[in-house]
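The numbers here are math on the coordinates, done by the rules we state, and not lab data. As the structure is a computational prediction, the values presented were derived from the model and not from experiment. We place every Cβ from the backbone using ideal geometry, glycine too, and count neighbours over all the protein chains shown.
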Amino acid sequence: MDAATFAALILFSGTLFFLVIGAPISISVGISSFAAMLSILPAQGAMVTSAQRLFVGLDSFALLAIPFFILAGNIMNNGGIAIRLINFSKIFSGFLPGSLAQTTVVSNMLFGSISGSGVASAAAVGGIMAPIQKKEGYDPAFSTAVNIASAPTGMLIPPSNTLIVYATVAGSVSVTALFMGGYLPGILWGLGVMFVAGIMAKRRGYTMKHSMTLADCFKVSIDAIPSLSLIVIVIGGIIGGVFTATEASAIAVVYALVLSLAYRALDIKKIPEILLSTAKMSAIVIFMLATSSIMSWVMAFTQIPALIADSLISLTDNPIIILLIINVVLLFIGTFMDPTPAVLIFTPIFLPICMNLGMDPVQFGIILVFNLSLGTITPPVGPILFTGCKVSGISIDDVIKTLLPFFLVIFVVLMLVTFIPAISMTIPEMMGLIK
């Protein structure tokens, strides 16, 4: 066994071992990567290189956007913004079958596009909509399934922390191009959920509840303009070149804080708690990025991605089959691994393969995040699945069966995104972000 193969064996088997015994992912990756490095470098060289990689992995201005967007999401989750977006969503969804369920989907798309967090969307929107739907006679399993199935759209519709992480790992990939590339896939995901929800609502006899007059629609729209303006300010500023994604994240924090205080919905006494929660979440993500940088160096040094690519090509040279295999692997990984570490681990492995097939890194980034977002609503890990069930007060066993039709339509959208590049590439190309 040559040194590269032995290092790869240590890296992957070590990571798997530590995960099985319950160690945090960042620790599992860090220790296994250092052990693999020891097999190919002298002890002193391994220690120095590991320390350098820890620093280099975090030496990126773009990464500052992550804690700021997390903080903005936490502020919005406590600042009365969600209820205004929900009321605004009723204008577009109140006339559809199962109008309350449809409102949940539109609200998740709007709130997710502002907060950038699927978990925050599931908690905020689900916490408000679940009691309302129960009062109107909706099956709690159905309303919870709709909330869970639509919450991940915020991981694709910008701003998205997961796409920022991918851009950092992938190298010379524009965050702005990724943001624009995520719009259509995220919207298609939401429309697919609305389609299934409408069919199920008709079969269950959930009637339309559109009782808003023109005056009501106008009042709700005016009330929602300040919240919706955050999307225009953040995304418009990035596209217009007024500020970078990192600067936009800081602006989002200030705007969300001022707006929440203006709504008088944010308790000043909760700000330290919000800051502490943000620091904890940010530390987890950033430490993962640091330790995964060691792993990326080991994989590049030992040419592990090339070995995996050769293995795939030895099975088949059909691009369609290769892309299907990659999707299956990512879907499987997403069921037990959070999106951030999965992006860090599998981007260096699969990105070169897809680029050799002629795929643009932007399209691959959307496919990668789409797969891993689907994993957030599937057991055994499924953070959005657990959050959605927690806020509605029902068990996972009760909601899984109702989720199955939603899984099917989301998978169909994933296949469309995989094999029709225009879905993720049209907007970035039209805006001149991709040449």
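Quick look at the numbers
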quantity: Entirely in segment 1-104, the helices (runs of 4 or more DSSP H) that have 1 or more residues that are buried (at least 17 other Cβ atoms within 10 Å of the Cβ) and of a type in the set (Phe, Trp, Tyr); calculated: 3-20, 25-38, 65-78, 81-93
quantity: Residue within segment 409-429 that is assigned to a loop (DSSP other than H, G, I, E, B) and among the polar types (S, T, N, Q) present; calculated: no
quantity: Enumeration of residues in segment 298-312 that are loosely packed, with under 13 Cβ neighbours inside 10 Å and not in a helix (DSSP H, G or I); calculated: none
quantity: Residue tally, condition more than 14 Å from Ala290 (Cα to Cα) and either touching a residue at least 40 places away in the same chain (Cβ under 8 Å) or touching a Gly at 6+ places or on another chain (Cβ under 6 Å) (or both), over segment 37-60; calculated: 2
quantity: Only one of Leu275, Leu257, Leu289 that is part of a helix (DSSP H, G or I), surrounded by fewer than 16 Cβ atoms within 10 Å (Cβ to Cβ), of a type in the set (A, V, I, L, M) and touching a residue at least 24 places away in the same chain (Cβ under 8 Å); calculated: Leu275
quantity: Close pairs from segment 106-119: first without any contact (Cβ under 8 Å) to a residue 40 or more places away in the chain, partner part of a helix (DSSP H, G or I) and among the hydrophobic types (A, V, I, L, M, F, W, C), Cβ under 8 Å, at least 6 apart; calculated: Ser107/Ala82; Ser107/Leu85; Ser107/Ile86; Ser107/Val125; Ser107/Met129
quantity: Residue in segment 324-373 that is surrounded by the fewest Cβ atoms within 10 Å (Cβ to Cβ), counting only those that are part of a loop (DSSP other than H, G, I, E, B) and in contact (Cβ under 8 Å) with a residue 40 or more places away in the chain; calculated: Phe336
quantity: Filter pass, Ile384 being touching a residue at least 60 places away in the same chain (Cβ under 8 Å), assigned to a helix (DSSP H, G or I) and buried (at least 22 other Cβ atoms within 10 Å of the Cβ); calculated: yes
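A quick yes/no check of all residues on (1) at positive phi; (2) buried (at least 18 other Cβ atoms within 10 Å of the Cβ); (3) in contact with a Gly (Cβ under 7 Å, 6 or more places away or on another chain):
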site	(1), (2), (3)
Phe195	no, no, no
Met212	no, no, yes
Ala215	no, no, no
Asp223	no, no, no
Ser227	no, yes, no
Leu230	no, yes, no
Gly240	no, no, no
Thr244	no, no, no
Ala248	no, yes, yes
